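Accompanying notes for the structure given below.
The values are calculated or read from the model by the stated rules, or taken from the named source; none is laboratory data. This one's a predicted model, so the numbers in the text were calculated from it and none came from an experiment. Cβ placement follows ideal geometry from the backbone for every residue including glycine, while neighbour counts extend to all protein chains displayed. With ligands, DNA and RNA removed, areas are computed over all heavy atoms of the protein, side chains included. Shrake-Rupley method; radii C 1.70, N 1.55, O 1.52, S 1.80 Å.
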Amino acid sequence: MPPTPDTIYFFGTCLVDLMYPQAGVSAMQLLQRAGVKVIFPPAQTCCGQPAWNSGYRDEARSVARAQIALFPKPIPIVIPSGSCAGMMKVHYPELFAGQPDEAQAVDVASRVYELTEFLVDVLHIELQDLGEPLTVAVHTSCSARREMGVADKIESLLGQLSNVQRVEHARKPECCGFGGTFAVKEPEISAAMVLDKVTHIRNTGVDRLISQECGCLMNIGGAMAKQGDAIPHQHIAEFLWERTGGNAA
Amino acid sequence: MSSEFRNTVRANLAKPEVRANFYRAMDGLMTRRLDQFPDKVELERLRTQSMAIRANALSKLPELLETLEANLTRNGIQVHWAETAEQGNQIVQAILERHNAKSIIKGKSMVSEEMGMNHFLEALGIECLESDLGEFIIQLDGETPSHIIMPAIHKNRVQIAKLFHEKFPDIPYTEDVDELTQMARRILRDKFYAAPVGLSGVNFMVAETGTLCLVENEGNGRMSTTAPSVHIAVTGIEKVVESLSDVPPLLSILTRSATGQPITTYFNMISSPRKPGEKDGPEAVHLVLLDNGRSNIYSDPELLATLRCIRCGACINHCPVYVRIGGHSYGTVYPGPIGSILEPQKAGLDVHGELAQASTLCGACSEVCPVRIPIPSILNRLRYDGVRKDTANTNTVGSGKRRTLSEAATWKTWAWAATHPTIYHAGSTLATRFKGMLPTNLGAWTTVRSAPKLAESTLHQQAKHLGVDHE
Ligand code: SF4
């Protein structure tokens, strides 16, 4: 087993920055509590994925290049999002293929971890549940599930919480219909997808929805809110922090 | 933004019965496929092997096609090359004229759909009868296939019963599937013997032996290729494999991925016309090999993977977009994920480029594809080709045609802000501070969702109090 790194870079993602900062804060606190020093390069903006997925590769590359420059030390880069982690890990090498800075891009890619993956596989974190009994449904993002292949990590983290009961929902592995610009470019299809997802989750009757992806949470949560009577939703980091006494400490 | 695709999608989303049909059917297919692959490790091994077989064949496509032609010819099968759909149809027409044929009976063939063969021949006064049950049903209703494996999957039993009753009023109404099938069988049986020419598709062509392989369940494929005195097979040039030993793994993963069957009822290997002394089989066998844009796809190392496809339809069955909008929404011969990469490449990004956008890139398709086609990557590449400026560097038809000034300007501005952290953070700070003044109506987004809520303060602001190192 490689030694546990004592310092990491944290990449917050633009959605977390603007919509769910508490997820980022909690993630960094979880890491710090586990004894890891966190470096949060303040000049970070966005991983470049929106432009990459829209076909604007030059624009994506210039934004990605600005991020790559922020992670010079040979230490892990932890990201509280499967989709931004996937962008950096899987697509940076493609985006920079044949470019003068290809080696730096590949190096950054090799150091990227999605948060739950890092907590489970690298830190082997042990959690103690201090919360009241609660039922939750899990939505793993498609990028976490398929691109990063880390969907089981969020489950194993929740599995450590003795008072939290996970309830499965129909068609769990199916996409919620967010897909970044897809929700804007093909709104009718996206709407049909998210409404089905909401129905399946509602049918579980759980107290809360947990995910590692703020894009999905914004989509599913937004659709529930529009219908009124939304099931509370939370990023996994915030949930773990709360359940393990973080807020009280 | 409105487009033909969007309009059709909207119309089809509003048909609850059709949506329910797809939902039910695809759920069943997904379960059946899963049941066929209890051992995940074995599945991945078989996928890797199948990918390698197809990649190997494509890596030597020109020479394999030469070998194939030589061996087919030696076996007595006549080979024809068609660069376009039009040429393909003309070749079929010439064969029919030579045999004085006024009708043909067809087994299932997506390539004949691609060629628009039925229309072409019917305009010449030649009757084309589909003999695959699904194809037969949609032909009765004047429709096109909504799925590459199950053409009538958008219809349920009651709809089919009503259709039969409407078209064959003499036969008593029934909703019994077996009876309906028997009915179609009786109607078709005589036609097999009466038709002078039978037409089929091909699943694999074996270069080494000059053999055409045909997978089917209903026996109609065998009838179409043996009962009439002439058999015409039509297929794309990419369907070749090197040797006979390549076939079993591909066949096994094809049927299991497609319909969740360990093996199909029929597997035909056609290696020659009827030989002297043989009791049945056609006197002449023709193979029409269609290019129709395939060699252009072949010329691009990244897009080439598209041609590995063995047309199992698994990507379609698992696509969350397809299951909601149905096959007809795509406005193309091949629907779903495979259609969304194949059709824009064949017809051009200006014609079908929007299909490359109609995906969340969720990856459900590539997760199940038996030959590991990286469909999301190809979609991404096609999106790039659609808006790129250096169109001289790509062969993709219609490159650059989807670039609009306003969208390009938006991404330029975005990139400028995201590479100037001070500007970016000033903007996001301002946005969160004055979030009460932001619009709550965000067009398409807010039709089914409430507007996203900006936080009180950004992570950047909050991180300052966390004692994280700001290097
Ligand atoms: S792309 Fe793959 S999954 Fe889809 S039809 Fe072709 S072989 Fe099957």
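Note down the magnitude of the dipole of segment B:246-350 about its Cα centre, charges +1 on Lys and Arg C-beta and -1 on Asp and Glu C-beta and zero elsewhere, to the nearest 20 debye. Mind dumping the intermediate values first?
Numbers: 9 positive and 9 negative charges, 66 e Å.
Result for segment B:246-350 is approximately 320 debye, rounded to the nearest 20.
Taking Cα pairs under 8 Å and at least six residues apart, what relative contact order does segment B:187-261 come out at, in percent? Intermediate results must be reported in sequence, preceding the final value.
Working: 92 pairs, mean separation 26.5, N = 75.
The value is 35 percent.
Short version: which residues of segment A:4-18 lose at least 10 Å² of accessible area, all chains versus chain alone, 1.4 Å probe?
Output list: A:C14, A:D17, A:L18.
Roughly how large is the B-A contact in terms of buried accessible area, totalled over both chains, probe 1.4 Å, nearest 100 Å²? Before the final figure, lay out each step's value.
Values: alone 23020 and 11300 Å², together 28330 Å².
Protein heavy atoms only, the B-A interface buries about 6000 Å².
Consider a paramagnetic label point 7 Å from the Cα of A:E102 along Cα→Cβ; state which residues of segment B:51-70 have an amide N under 12 Å from it.
Under 12 Å, as judged by backbone N against the label point of A:E102, lies no residue of segment B:51-70.
I'd like the carbon and sulfur percentage of the solvent accessible area for segment A:75-210, probe radius 1.4 Å, heavy atoms only, ligands and nucleic acids excluded.
Working: 2390 of 4710 Å².
Heavy-atom surface of segment A:75-210 belonging to carbon and sulfur, 1.4 Å probe: 51 percent.
Taking only the alpha carbons of segment B:65-191, what extent do you get along each of the three principal axes, in Å, biggest first?
Extents along the principal axes: 51, 28, 26 Å.
Roughly what percent of Cα-Cα pairs across the protein assembly as shown reach past 36 Å? All intermediate terms of the calculation are to be shown ahead of the outcome.
Details: 119952 of 258840 pairs.
Distances greater than 36 Å cover 46 percent of the Cα pairs.
What does the extension gain come out to for B:V351 and B:T422, with contour length at 0.36 nm per residue minus their alpha carbon separation? Don't skip to the answer; put the middle values down first.
Values: separation 71, 0.36 × 71 = 25.56 nm, distance 4.16 nm.
Taking B:V351 through B:T422 to full extension adds about 21.4 nm, to one decimal.
Specify which residue in the list B:T440, B:I187, B:L290 is farthest towards the positive end of the charge dipole of the protein assembly as shown, using unit charges on the beta carbon of Lys, Arg (+1) and Asp, Glu (-1), about the Cα centre.
Farthest towards the positive pole: B:T440.
Determine the sum of side-chain charges near B:G348: Lys and Arg each +1, Asp and Glu each -1, restricted to other residues whose C-beta is under 11 angstrom from that of B:G348. Numbers along the way, then the final one.
Numbers: positive: B:K346, B:K401, B:R402; negative: B:E343, B:D350, B:D385.
Value of the local net charge: 0.
Count the net charge of all other residues whose Cβ sits under 13 Å from the Cβ of A:E132, scoring Lys and Arg as +1 and Asp and Glu as -1.
Values: positive: A:R208, A:R243; negative: A:D129, A:D207, A:E242.
Around A:E132, the charge tally is -1.
May I have the extent of the alpha carbons of chain A along their three principal axes, as whole Å values ordered from largest to smallest?
53, 45, 28
Which of the listed residues, B:Y384, B:C309, B:A25, is farthest toward the dipole's positive end in chain B, when Lys, Arg count +1 and Asp, Glu count -1 at the beta-carbon?
It is B:Y384.
Select from segment B:307-335 all residues whose loss of accessible area on going from the chain by itself to the full protein assembly reaches 50 Å² or more (probe 1.4 Å).
Residues meeting the cut-off: B:R324.
What is the distance in Å between the Cα centres of segment B:337-408 and segment A:114-169?
Centre-to-centre distance over Cα atoms comes out at 34 Å.
Count the DSSP beta bridges whose two residues both fall in chain B, then state the antiparallel fraction as a percent rounded to the nearest 5.
Details: 8 of 34 bridges.
Restricted to chain B, the bridges split so that about 25 percent are antiparallel.
Cα-based Rg (one decimal) and Dmax (whole number) for segment B:208-252, in Å?
For segment B:208-252, the Cα radius of gyration and maximum Cα-Cα distance read 12.1, 32 Å.
What Cys residues in chain B are without a partner cysteine, judged by a Cβ distance under 4.7 Å?
Those would be B:C128, B:C213, B:C309, B:C312, B:C319, B:C369, since no other cysteine Cβ in chain B comes under 4.7 Å of theirs.
What is the diffusion coefficient of chain B in µm²/s, taking the Kirkwood radius over Cα pairs and the Stokes-Einstein relation at 4 °C with a viscosity of 1.567 mPa s?
Working: Rh = 24.7 Å.
Roughly 52 µm²/s, to the nearest whole number.
Rolling a 1.4 Å sphere over the protein heavy atoms, what is the accessible area per residue of segment A:158-247, to the nearest Å²? Mind showing how you got there, number by number?
On the way: 2870 Å² over 90 residues.
Result: 32 Å² per residue.
With an 8 Å Cα cut-off and a minimum separation of 6 or more residues, compute the relative contact order for segment B:90-214 in percent. It would help to have the intermediate numbers written out before the result.
Working: 129 pairs, mean separation 36.7, N = 125.
This gives 29 percent for segment B:90-214.
Please work out how much length the chain gains when fully extended from A:Q32 to A:E94, using 0.36 nm per residue of separation minus the C-alpha to C-alpha distance, in nm with one decimal.
Numbers: separation 62, 0.36 × 62 = 22.32 nm, distance 3.26 nm.
Gain in length upon complete extension: 19.1 nm.
Before anything else, pin down the relative contact order of chain B: Cα pairs under 8 Å, at least 6 apart, normalised by residue count, whole percent.
Details: 758 pairs, mean separation 84.9, N = 471.
The normalised contact order for chain B reaches 18 percent.
Scanning chain A for helices, which whole DSSP H stretches are 30 Å or more long along the axis (Cα) and average 1.6 or more by Kyte-Doolittle? If you can, show how the numbers build up before the last one.
Working: long enough: none.
Membrane-span-like by this rule: not one helix.
So how far apart, in nm, are the two label points at B:Q93 and B:K279 if each is 7 Å from Cα heading toward Cβ?
For B:Q93 paired with B:K279, the spin-label model returns 4.0 nm.
Return the loop-located GluC sites (Glu not before Pro) in segment B:230-296 (DSSP other than H, G, I, E, B) with at most 15 other Cβ atoms within 10 Å of their own Cβ; answer none if there are none.
B:E278, B:E283
Across the Cα atoms of segment B:177-290, what radius of gyration and what greatest pairwise Cα-Cα distance (Dmax) are found, in Å?
14.9, 43
If you project the alpha carbons of segment B:395-471 onto the principal axes, what extent comes out on each, in Å, largest first?
Reported extents, whole Å, longest axis first: 54, 37, 18.
Rounded to two decimal places and with Rh computed the Kirkwood way over Cα pairs, what is Rg over Rh for segment B:227-294? Write down the numbers at each step before the final one.
Numbers: Rg = 14.8 Å, Rh = 14.4 Å.
Value, to two decimals: 1.03.
Which value, in debye to the nearest 20, gives the size of the charge dipole of chain B about its Cα centre, when Lys and Arg are +1 and Asp and Glu are -1 at the Cβ? Each step should come with its number before you reach the end.
Values: 50 positive and 51 negative charges, 264 e Å.
In debye, rounded to 20, chain B gives about 1260.
For segment A:56-192, taking Cα atoms only, what is the radius of gyration to one decimal and the Dmax to the nearest whole Å?
Taking only Cα atoms of segment A:56-192, I get Rg and Dmax of 17.6, 54 Å.
What part of the accessible area of chain B, given as a whole %, is carbon or sulfur when the probe is 1.4 angstrom? Write out the running numbers ahead of the final one.
On the way: 11120 of 19980 Å².
Its accessible area is 56 percent carbon and sulfur atoms.
Before I look further, what does chain B give for accessible area per residue, probe 1.4 Å, in whole square angstrom? Before the final figure, lay out the partial values.
Details: 19980 Å² over 471 residues.
Ligands and nucleic acids excluded, the result is 42 Å² per residue.
If you build the convex hull over the alpha carbons only and average its shadow over all orientations, what do you get for segment A:78-140? Give it in nm² to one decimal.
5.4
Report the Cα centroid-to-centroid distance between segment A:17-91 and segment B:192-261 in angstrom, as an integer.
After rounding, the separation between the Cα centres reads 50 Å.
Just to be sure I understand the interface: list residues from segment B:356-370 that lose 50 Å² or more of accessible area between the chain on its own and the complete protein assembly, 1.4 Å probe.
Relative to the lone chain, where solvent access is computed with a 1.4 Å probe, segment B:356-370 loses at least 50 Å² at B:Q357, B:T360, B:C362.
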